[in-house]
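The values are calculated or read from the model by the stated rules, or taken from the named source; none is laboratory data. Please read these numbers as outputs of a predicted model, since none were measured by experiment. For neighbour counting, all protein chains shown are included, and Cβ atoms are generated from backbone atoms with ideal geometry for every residue, glycine included. Only protein heavy atoms, including side chains, enter the accessible area calculation; ligands, DNA and RNA are left aside. Shrake-Rupley method; radii C 1.70, N 1.55, O 1.52, S 1.80 Å.
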Amino acid sequence: MNSSTIQILVAMVIYMAAVIGIGIAFAKRANANSENYFLGGRTLGPWVTAMSAEASDMSGWLLMGLPGVAYWCGLADAAWTAIGLAVGTYFNWLIVSKRLRRYSVRANNSITLPEFFSNRFREKKGVVMTISALFILVFFTVYAASCFVTCGKLFSTLFNTDYTDMMLLGAVFVLIYTLLGGFLAESASDFMQSIVMIVALSVVVIVGTVNAGGISEVFANANKIPGFLEFFGLANPDVTDGVQNVVNGAPVFNEAKEYGVLTIASMMAWGLGYFGMPQVLLRFMAIRREDELKRSRRIAMIWVVISLAVAVFIGIIGRVIAINNPELLKGDVLLTKASAENIFIQLSTSFLPPILAGFVMAGILAATISSSDSYLLIAASAVAKNIYQGVAKKKATDKQVMIVSRITLLVIAAIAVVFALDENSVIFSIVSFAWAGFGATFGPLMLFSLFWKRTTKAGAIAGMVGGAGMVFLWNLVISKLGGVFAIYELLPAFIFSSLCIVVVSLLTPKPSKEILEDFEAVKNNTL
């Protein structure tokens, strides 16, 4: 390795050591019991709640996936997705957070999402708990795979090494960290990592803008690409076998594609996913006091809006530099949809001093760790706490639950590694599928559980199964028909899940008196 690479490595090692230190610091407290390990004993403050929720939500997708979309096809897809996410974030904090915090306490002090749904309907056989836990296991395994892909791309690009080896190294690091500290360590480090992420984004957008000739030059040159800066049009790279064609050193674009209202609705539907995101919903449940959620909402919104806007702009800046000064970014490595997701790395290593680039690269690592540890931990809790203790062995001790959770972590990580072996995987695509899965499976159920007292256990089951099933059906079959059917699967699946809940709930007996009393107590805040 040369001097620059060594400096980058040193900076990243310093960062990784700090993260491991947090895990060790919280290990004793986190491992005291399963409630501390999985929910931190409901002790999170407003700042940690907000920042850890958003950091665990965004993942490496924010620094690689979203800029990659903007780089590849311009403003529209990335911007409408970002707008949908910002709107979804706001309404999730506004209408769900307080009611869920209150209801999770009323529902027998639930510490996981499957446990909340199960206790909400006062079920005895654990059917709702088992189904929801299984879906969490499936979709979080896919999510974890996207994080491992990010690690592999990051390290292999930086150090010119084998993708598979680097992906495995990243997976091992994340696994060790998650095993150490649980939810408390995860939330504390996520707070630090959210700061690293937004600083990294800001630094890169500033140096990128300067090297592109300033903001006016960025927009002037980006406008030369058909559809690139349009909200109602989409840039259309000219590709052969997935690789963009280049003429006289410049990438070639075809005429812009049309971008209609249905496509906009499809991309903004990303915002619906927040209502079903376990890693965010758990923060609502874990905050120490309900009245602190208002401050958390404000903090979260400021972070989200700035981060999303800067991430999109990084992709636009990168495309301008790649066209006008391809030698600066080694433009030949950014000619596929998958490699376009390396634009953040290319800008950082091209224009920053190596030691500073290393800390900026830690931003990607921060985003990846903050998400993957959440995914692994929640998936492990779904198996150990909800299926093992909740259904299979109800008298299981805390120690047994902790052992099962660690075994589950190893298994999930191993499966995610298998999914992540393909280095041509597009992070944005992997995340979009898992996001749709959670949004459609749990989003409608969460809203109806909190705000419609007529919701029944049968309706809850129908909503989860219908939503998840439609995500798979739409993604794998219906979307292939093209045209109006080529929309993001979350939108039709969310609607279908909602219909399933309403129809089945109305066709089945009303909830019991005890369930209705729980609902009214939460609604009127008379716990």
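Does L85 qualify as being surrounded by fewer than 24 Cβ atoms within 10 Å (Cβ to Cβ), in a helix (DSSP H, G or I) and within 16 Å of the chain's Cα centre (by Cα)?
Working: surrounded by fewer than 24 Cβ atoms within 10 Å (Cβ to Cβ): no; in a helix (DSSP H, G or I): yes; within 16 Å of the chain's Cα centre (by Cα): yes.
Here the answer is no, as L85 does not meet what is asked.
Select from the range 100-110 the residues that are open to solvent by less than 10 Å² (accessible area, probe 1.4 Å) and not in a helix (DSSP H, G or I) and list them in ascending order. Those that are open to solvent by less than 10 Å² (accessible area, probe 1.4 Å) and not in a helix (DSSP H, G or I): A107, S110.
In the range 210-220, how many are open to solvent by 20 Å² or more (accessible area, probe 1.4 Å) and either in a helix (DSSP H, G or I) or under 21 Å from N342 (Cα atoms) (or both)? Total satisfying the criteria: 7. Checked against the criterion of being open to solvent by less than 30 Å² (accessible area, probe 1.4 Å) and either in a helix (DSSP H, G or I) or farther than 17 Å from Y71 by Cα (or both), the range 221-233 contains one or more residues that satisfy it.
Let's see how each residue does on (1) more than 21 Å from G315 (Cβ to Cβ); (2) under 20 Å from the mean Cα position of the chain (by Cα); (3) basic (K, R):
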{"position": "W72", "(1), (2), (3)": "no, no, no"}
{"position": "F91", "(1), (2), (3)": "yes, yes, no"}
{"position": "R106", "(1), (2), (3)": "yes, no, yes"}
{"position": "N109", "(1), (2), (3)": "yes, no, no"}
{"position": "G126", "(1), (2), (3)": "yes, no, no"}
{"position": "M129", "(1), (2), (3)": "yes, no, no"}
{"position": "I136", "(1), (2), (3)": "yes, yes, no"}
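Please find, among A269, A256, A265, the residue that is of a type in the set (G, A, S), open to solvent by 30 Å² or more (accessible area, probe 1.4 Å) and in a helix (DSSP H, G or I).
Working: A269 fails: open to solvent by 30 Å² or more (accessible area, probe 1.4 Å); A256 fails: in a helix (DSSP H, G or I).
Just a single option satisfies the conditions, and that option is A265.
Taken over the range 285-318, the criterion of being within 19 Å of G88 (Cβ to Cβ), among the small types (G, A, S) and surrounded by 23 or more Cβ atoms within 10 Å (Cβ to Cβ) is satisfied by S296, A300, S307, A311. Scanning the range 484-503 for residues that are farther than 21 Å from V431 by Cβ and open to solvent by less than 70 Å² (accessible area, probe 1.4 Å) yields S498, C500, I501, V502.
One line per residue, one yes/no per condition, for (1) surrounded by fewer than 21 Cβ atoms within 10 Å (Cβ to Cβ); (2) modelled with pLDDT of 95 or more; (3) under 20 Å from the mean Cα position of the chain (by Cα); (4) closer than 30 Å to E514 by Cβ:
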position	(1), (2), (3), (4)
V391	yes, no, no, yes
R406	yes, no, no, no
T441	no, yes, yes, yes
P444	no, yes, yes, yes
A460	no, yes, no, yes
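Test N92 against the stated conditions and say whether it is open to solvent by 10 Å² or more (accessible area, probe 1.4 Å) and not hydrophobic (A, V, I, L, M, F, W, C). When the stated conditions are applied, N92 does not pass them.
Summed over the range 462-483, residues that are open to solvent by 40 Å² or more (accessible area, probe 1.4 Å) and closer than 18 Å to F275 by Cβ total 1. Cβ separations smaller than 8 Å between residues 6+ apart or across chains give the following pairs from the range 448-464 residues that are farther than 14 Å from P114 by Cα and touching a residue at least 24 places away in the same chain (Cβ under 8 Å) to residues that are of a type in the set (V, I, T) and part of a loop (DSSP other than H, G, I, E, B): F448/T455; T456/T508; A458/T508; G459/T508. Among the residues of the range 147-159, those identified as under 13 Å from N342 (Cα atoms) and of a type outside the set (F, W, Y) are V149, T150, C151, G152, K153, L154, S156, T157, L158. Tell me whether the range 122-130 contains one or more residues that are in a helix (DSSP H, G or I), open to solvent by less than 10 Å² (accessible area, probe 1.4 Å) and not hydrophobic (A, V, I, L, M, F, W, C). No, every residue in the range 122-130 fails to be in a helix (DSSP H, G or I), open to solvent by less than 10 Å² (accessible area, probe 1.4 Å) and not hydrophobic (A, V, I, L, M, F, W, C). The lone criterion from (1) at pLDDT below 85; (2) open to solvent by less than 10 Å² (accessible area, probe 1.4 Å) left unmet by I136 is number (1).
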